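What follows is a short report on a single structure.
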Amino acid sequence: EQQRVSIARSIVNHPPVVIADEPTGNLDPETAWEIMDIFKEINARGTTVVMATHNKEIVNTITKRVIAIEGGRIVRDEAKGDYGYED
């Protein structure tokens, strides 16, 4: 519930960009997908969502732009990317 409240606060003024650092990290899978549905909805309304995650399933299911960073450098940038790393 706290994650949803935080997201609601961040989008109430319709910002052009929302930055989320591991927004699903400590959530059960069902709640994580509810959070992702919220992000998909606000993205569809025109807000850019920048999200850091290590959740392979989410990245591979959403198939949006994926930018991989290693050692502070961009090593991959794909328009419809996938996770690209082995577990």
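I need the full set of residues from segment 3-28 which are in contact (Cβ under 8 Å) with a residue 24 or more places away in the chain and over 21 Å from G84 (Cβ atoms), in order please.
Step one: filter segment 3-28 for residues in contact (Cβ under 8 Å) with a residue 24 or more places away in the chain, giving 3-4, 7, 11, 14-25, 27.
Of everything in segment 3-28, those that are in contact (Cβ under 8 Å) with a residue 24 or more places away in the chain and over 21 Å from G84 (Cβ atoms) turn out to be Q3, R4, I7, I11, H14, P15, P16, V17, V18, I19, L27.
What about A68, is it free of Cβ contacts under 8 Å to residues at least 60 places away in the same chain, out of contact with any Gly (no Cβ under 9 Å at 6 or more places or on another chain) and more than 17 Å from V5 (Cα to Cα)?
On the way: free of Cβ contacts under 8 Å to residues at least 60 places away in the same chain: yes; out of contact with any Gly (no Cβ under 9 Å at 6 or more places or on another chain): no; more than 17 Å from V5 (Cα to Cα): yes.
Criteria not met by A68.
Any idea which residue in segment 41-69 is nearest to R9 (Cα to Cα), counting only those that are in contact with a Lys or Arg (Cβ under 9 Å, 6 or more places away or on another chain) and surrounded by fewer than 16 Cβ atoms within 10 Å (Cβ to Cβ)?
N43
Of all residues in segment 64-87, which are of a type in the set (D, E) and over 19 Å from V49 (Cβ atoms)? Give the derivation first.
Of all residues in segment 64-87, those of a type in the set (D, E) come to 70, 77-78, 82, 86-87.
Within segment 64-87, E70, E86, D87 meet the criteria.
For segment 9-25, state whether one or more residues are aliphatic (A, V, I, L, M) and touching a Pro at 6+ places or on another chain (Cβ under 9 Å).
The initial filter retains those residues of segment 9-25 that are aliphatic (A, V, I, L, M), namely 11-12, 17-20.
Next cut, touching a Pro at 6+ places or on another chain (Cβ under 9 Å) only: none.
No; the residues of segment 9-25 include none that is aliphatic (A, V, I, L, M) and touching a Pro at 6+ places or on another chain (Cβ under 9 Å).
We did not get these values from a lab; they are worked out from the coordinates using the rules stated. It should be emphasised that the depicted structure is a prediction, and the values quoted were computed from it without experimental measurement. Positions of Cβ are backbone-derived with ideal geometry, glycine not excepted, and every protein chain shown enters the neighbour counts.
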